[in-house]
Amino acid sequence: MTSTSPSELAARPTAGAIALRLVRRLGTAVTVLLGAVTVAFFAQTALPGDRATAILNIRAGNVEARTPEELAAITEEFGLDRPLVVQFLDYLTGLVRGDFGTSYQQFRPVTEIIGEQLGATVALSLSAIALAWVLMVAWITLTAGRSRTVSAVGSIVDVTAAALPPYWLGIILLLVFALGLRWFPVIGGTGIAGLVLPAFTLAIPLAGFLAQATRTEYERVLDQPFVLSARTRGQGDLGVRLGHVLRHAVLPAITLTGWALGATLSGAVVVESIFSRPGIGDVLVDSVNAHDLPVVVGIVVLTAGFYVLANLLVDVAYTIVDPRLKGATA
């Protein structure tokens with residue numbers, strides 16, 4: 001029976017250390033989100049012109065002189081006569097309750113407008129991220145640490161895939177697999193068939209980024225002693241690569257996944273337009289064209305929230321995947 005040194009005992013993770021790390025990350029996430037909300041709110045108040053007049057013009061669909069009575073009614077409805085700090089605090093309070101304000105154009109709550117299309121966009125983003133991971137793991141497993149030629153081809157494909165513009169890739173996939181082969185519908189919907197091509201459009205470039213981040217570390221881990229030990233015990237190459245190497249090499253890709261969730265939500269604006277697919281991308285384009293600021297700001301704040309949540313989940317995943325971080329409190 002072997003004894004455990006004091007240094008080894010000190011390095012063991014503790015529940016308190018893990019909790020402290022997560023609390024600190026949560027505090028950072030709240031700070032970042034508050035900053036995004038603050039910038040989004042004051043950006044709409046800093047625009048030139050009278051906000052009450054702008055709201056009336058948007059509702060009426062034309063630009064003309066407004067009577068004092070009309071302006072007074074809008075000012076009272078939206079509380080524009082109150083101090084800016086009070087308006088901001090009311091806005092923050094509303095966000096905590098899930099109230100993003102009222103659309104200037106549609107006269108409906110922003111949360112209702114976004115909520116009608118959010119499910120389709122989230123399904124697209126999560127499907128693209130999952131598909132990107134499948135593509136990345138399969139490609140890295142097949143090409144990393146092989147012969148010089150295979151590794152070189154793998155690296156070239158990584159760079160090429162990461163550089164593909166989603167709008168170009170989406171059009172190519174649409175022309176080939178929808179219009180040409182007729183395997184998928186030309187106009188996307190919320191079903192599985194309408195999800196495949198948009199998901200691949202977002203997933204292929206993302207898989208290239210993930211593969212670039214993973215390949216070098218993957219090849220380094222392949223030369224570690226514990227990998228050689230696993231092979232001498234008779235474990236097959238695929239088992240070693242998936243069961244041992246991947247776990248240690250995948251941390252850079254986990255980091256990128258936090259960024260990827262926000263990136264796929266942003267990329268959905270283009271992809272949903274290409275495939276005529278419902279989602280918040282279409283809502284955002286319409287709102288920008290109509291100058292419907294509460295909806296635009298609501299989508300910006302929501303996207304920032306997804307970024308923050310995704311990066312917080314990445315920290316949790318790091319703590320689970322990399323035991324060395326479990327004892328870190330910094």
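The values are calculated or read from the model by the stated rules, or taken from the named source; none is laboratory data. Computed from a predicted model, the values in this text were never measured in an experiment. A quick note on method: Cβ atoms are made from the backbone with ideal geometry, for glycine too, and the neighbour counts reach across all protein chains shown.
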Problem set entry | Index of the failed condition, Gln106 passing every other in (1) under 30 Å from Thr75 (Cβ atoms); (2) at pLDDT 85 or above; (3) out of contact with any Pro (no Cβ under 7 Å at 6 or more places or on another chain); (4) surrounded by 13 or more Cβ atoms within 10 Å (Cβ to Cβ) | (2)
Problem set entry | Which listed residue, of Ala199, Ala161, Ala203, Ala152, is more than 28 Å from the chain's Cα centre (by Cα), modelled with pLDDT of 85 or more, of a type outside the set (Asp, Glu) and surrounded by 12 or more Cβ atoms within 10 Å (Cβ to Cβ) | Ala152
Problem set entry | Residue in the range 171-186 that is of a type in the set (Phe, Trp, Tyr), in a loop (DSSP other than H, G, I, E, B) and out of contact with any Cys (no Cβ under 9 Å at 6 or more places or on another chain) present | yes
Seminar exercise, completed: Restricting the range 208-267 to residues that are basic (Lys, Arg) and under 24 Å from the mean Cα position of the chain (by Cα), the one surrounded by the most Cβ atoms within 10 Å (Cβ to Cβ) turns out to be Arg215
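Each row is one residue, and each column tells you yes or no for (1) over 30 Å from Ala207 (Cα atoms); (2) surrounded by 15 or more Cβ atoms within 10 Å (Cβ to Cβ); (3) at pLDDT below 80; (4) among the small types (Gly, Ala, Ser).
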| residue | (1), (2), (3), (4) |
| --- | --- |
| Val37 | yes, yes, no, no |
| Asn62 | yes, no, yes, no |
| Ala73 | yes, no, yes, yes |
| Gly101 | yes, yes, no, yes |
| Leu126 | no, no, no, no |
| Thr141 | no, yes, no, no |
For this session: Filter the range 250-287 down to the residues that are touching a Gly at 6+ places or on another chain (Cβ under 8 Å) and in a helix (DSSP H, G or I), then identify the one that is farthest from Gly305 (Cα to Cα).
Result: Ile274
Exercise. For the range 211-228, does any single residue satisfy the condition of being in contact (Cβ under 8 Å) with a residue 40 or more places away in the chain, closer than 16 Å to Leu131 by Cα, among the aliphatic types (A, V, I, L, M) and in a helix (DSSP H, G or I)?
Worked result: yes
Seminar exercise, completed: (1) under 21 Å from the mean Cα position of the chain (by Cα); (2) exposed (fewer than 12 other Cβ atoms within 10 Å of the Cβ); (3) closer than 21 Å to Phe275 by Cβ; (4) not charged (D, E, K, R) all hold for Ala132 apart from (2)
Problem set entry | Arg12 being basic (Lys, Arg) and modelled with pLDDT of 50 or more | no
